[in-house]
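Values quoted throughout were computed directly from the atomic coordinates according to the rules given, and no laboratory measurement underlies them. Everything numeric in this text was worked out from a predicted model, so none of it was measured. Here the Cβ is made from the backbone with ideal geometry for all residues, glycine too, and neighbour counts use every protein chain on show.
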Amino acid sequence: MGSGKATYTLLQLFVLGLLSRLITPEDFGIVSAALVVTGLSAVASGLGLGPALVQRPKLEQRHIDTAFSASLALGLGLGAAIWLAAPLVSAGMRMERLTPVLRVLARVFPLQSLGTVAAALLTRELEFSWLAARDVLTYGLGYGVVGVGMARLGWGVWAIVAAEVTQATVKSTLLLLKIPPSRRLLFDRAAFKDLAYFGGGFTVARLANYTAVYGDNMMTGRFLGPAALGFYGRAYSLMSGPAYAFGAVLDAVLFPAMAKVQHDGRRLAAAYLRGVGLIALIVLPLFAPVILLAPELIRVVLGPQWQASVAPFQILALGMLFRTSYKISDSICRSTGAVYRRAWRQVCYALLVVIGAWVGQHWGIAGVAWGTLVAVTCNFFLMAALSLEVADTTWGEFWNVHQPALLLTLVTFPLVWAVAVGARGLGLPPLLVLTCAGTTLVAACGGLVWRLPGSFLGAEGQWMLTTLRGFLVKVLGRSTSSAPQTEPAAATVVASDAVDAR
């Protein structure tokens, strides 16, 4: 899953760099506004039935058939609703060009609903290799081939719309080929009730979370216009993409694995602390260099016309750890069924984002970024408190797993700062400044981890290195041996390894 997400992120950065040079900020703003609306509707379209299938301890065929029928009906209904409401949404967002874009994207809902159940069943069975490969392939075809190709031909906003529709179509097609649906549509009221309790709480929390994630975009587009939204949206995507991808990997793996041992508090606590510790080791040493090198990073990845994105990017990067780490809190709360306690916290988070962005927009996109940062910080502590309660662990243990990452950051950043300032003083081009600073960071972290692993990795980091060594040995052993080998079932391996006691 990690290798697939890394490939996806690199591909995404490459495609984003190409599209940013071919499509104007205003066109990006129009599509960003449309995707906010369609994405919010997509969250509600499945009523949380997919995650409910993953979390449910005992799953029967009637649950699967009912979830498929309900998802399809909801997808068709929401697609029609978005098509009809498009003019009203456009008027509310003050963007006349939004109506036709929304009406085309509305057709994505029935397509997505066809694959909801298949994706949930593959997640439940821990088929992460297949899911990761699907994501890379569909993004490459949708955005890399169709999107970039149409953008080069001058299609502007419609290049991104076509990319989104293509990605959704291919993704659902692959899911249906992998796990074909039942030939009959069935709605079992008792089965729906079994799924709806978890799904209802999940959907409320997810709607609130989606509002929180895109509330700043809505305020920016509404009050500052599509061009400002384009600058802010690219800064947000570039900041959150790589770090968020790592959190999403752990969340995707830990949610079904934790659900299998949801009644074993000791193993849940160990998995949670290990997850937040690993995220800290990845994100904390990066966030300060990323803020420092933001001007060069924006110029290299997006191009010189996107310099207005530098300030919001730097502000949002202050919350990289908070935005990423809360994904693990999400995992443990969903896996143990604490969806309603999670839901009201996500509602608070959404309100804080919208209020913060509304207040901040008076100072431009940098003000919006500051308002969002405050909301993200509050959400981190709210979700951490709930997770510690669910896992029956303490704040002391929570802070202890962050200490190695904090120490690594404090030691390496001065070196990176000195090299970056020196490279700028010599007048080196942005790409060389990034290369020199990045090489220094990697070398410094590698040397410290190699010489003093106990201080700079901690128990979680050392466990990860041991696990990776074992994984590489197994992979290399498979490639050099033609004899078939018997291994434990994937579910058993992941469930036991991912939540093994520290």
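Quick one: Debye curve from the C-alpha atoms of the range 288-440, no solvent, what's log10 I(q)/I(0) at q = 0.09, 0.14, 0.19, 0.20 Å⁻¹? Log10 I(q)/I(0), no solvent term: -0.40, -0.86, -1.14, -1.18. The phi torsions of the range 147-160, fed into the Karplus equation with coefficients 6.51, -1.76 and 1.60 and a -60° offset, translate into couplings of x, 5, x, 6, 5, 5, 7, x, 7, x, 4, 6, 5, 6 Hz, rounded to whole numbers, with Gly and Pro shown as x. A straight chain from Thr394 to Leu18 at 0.36 nm per residue would run longer than the Cα-Cα distance by 130.7 nm.
Work out the length of the dipole vector of the chain about its Cα centre, built from +1 on the beta-carbon of each Lys and Arg and -1 on the beta-carbon of each Asp and Glu, and round it to the nearest 20 debye.
Numbers: 38 positive and 23 negative charges, 99 e Å.
For the chain, the charge dipole is close to 480 debye.
Rounded to the nearest whole angstrom, the semi-axes of the ellipsoid equivalent to the range 225-502, taken from the Cα gyration tensor as √(5λ), stand at 33, 27, 17, largest first. Spacing of the modelled spin labels on Trp83 and Ala385, each 7 Å from Cα toward Cβ, amounts to 4.6 nm. Using bins of 5 Å that start at zero, the share of Cα-Cα pairs per bin across the range 372-446 amounts to 3, 14, 15, 13, 12, 12, 13, 9, 6, 3, 1, in whole %.
Over the range 225-502, what is the mean sequence separation of C-alpha contacts under 8 Å (at least six apart), divided by residue count, expressed as relative contact order in percent? Present the calculation step by step, with values, prior to reporting the outcome.
Values: 325 pairs, mean separation 73.9, N = 278.
Contact order relative to length: 27 percent.
May I ask you to derive the relative contact order of the chain, considering only C-alpha pairs under 8 Å and at least 6 residues apart, and to give it as an integer percent? Write out the running numbers ahead of the final one.
On the way: 749 pairs, mean separation 95.7, N = 502.
Across the chain, relative contact order equals 19 percent.
Hey, which of these cross-link pairs are over 26 Å Cα-Cα: Lys5/Lys58; Lys171/Lys193; Lys5/Lys327; Lys58/Lys193; Lys171/Lys474; Lys5/Lys474? With Cα atoms farther than 26 Å apart: Lys5/Lys58; Lys171/Lys193; Lys171/Lys474.
Between Val359 and Ser3, residue separation times 0.36 nm minus the direct Cα-Cα distance comes to 124.2 nm. Highest mean packing first, where packing is the average number of other Cβ atoms within 10 Å per residue, the peptides 314-323, 404-413 line up as 314-323, 404-413. Here is how the number arises for the chain: DSSP H runs of 4 or more residues each give -39500 (n - 2.57), the sum is divided by the residue count, and the result at 222 nm is -27500 deg cm²/dmol.
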